[in-house]
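Below is one structure, written out as structure tokens; the observations come after it.
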């Protein structure tokens, strides 16, 4: 599957389906006319430039000072994503959903923090 996805033509087609939601990861694709001359890519060209520059300056959430167990918990348990899903799909009050997420995160973080 991965080999097929990353074939140039298919990969560019995939990138067009999620314009600027995913930047090209294969060297040369960003400069390839088959990619950069696509109308949907041109439409979001300004956003792609901003994101590309920001990626060079930023870090992954929670990894500002390098890898940590806490950052792994924050990003891999999907608690924040589930919170937003609960608010949007189930209509849960944002404060209620946030408090639930905070309680879940604190419980997980307490388990790894040694006193």
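Please state which one of 56, 85 is without any contact (Cβ under 8 Å) to a residue 24 or more places away in the chain and surrounded by fewer than 10 Cβ atoms within 10 Å (Cβ to Cβ).
Sole residue among the options that is without any contact (Cβ under 8 Å) to a residue 24 or more places away in the chain and surrounded by fewer than 10 Cβ atoms within 10 Å (Cβ to Cβ): 56.
I'd like the full set of residues that are touching a helix residue (DSSP H, G or I) at 6+ places or on another chain (Cβ under 8 Å) and without any contact (Cβ under 8 Å) to a residue 24 or more places away in the chain, limited to the range 94-112.
Selection gives 94, 97, 98, 100, 101.
Being touching a residue at least 12 places away in the same chain (Cβ under 8 Å) and either in a loop (DSSP other than H, G, I, E, B) or within 16 Å of the chain's Cα centre (by Cα) (or both) is the filter here, so list the residues in the range 1-12 that pass it.
6
Throughout, read-outs are computed from the coordinates displayed, never taken from laboratory work. Everything numeric in this text was worked out from a predicted model, so none of it was measured. Every residue, glycine among them, receives a Cβ derived from its backbone with ideal geometry; neighbour counts consider all protein chains shown.
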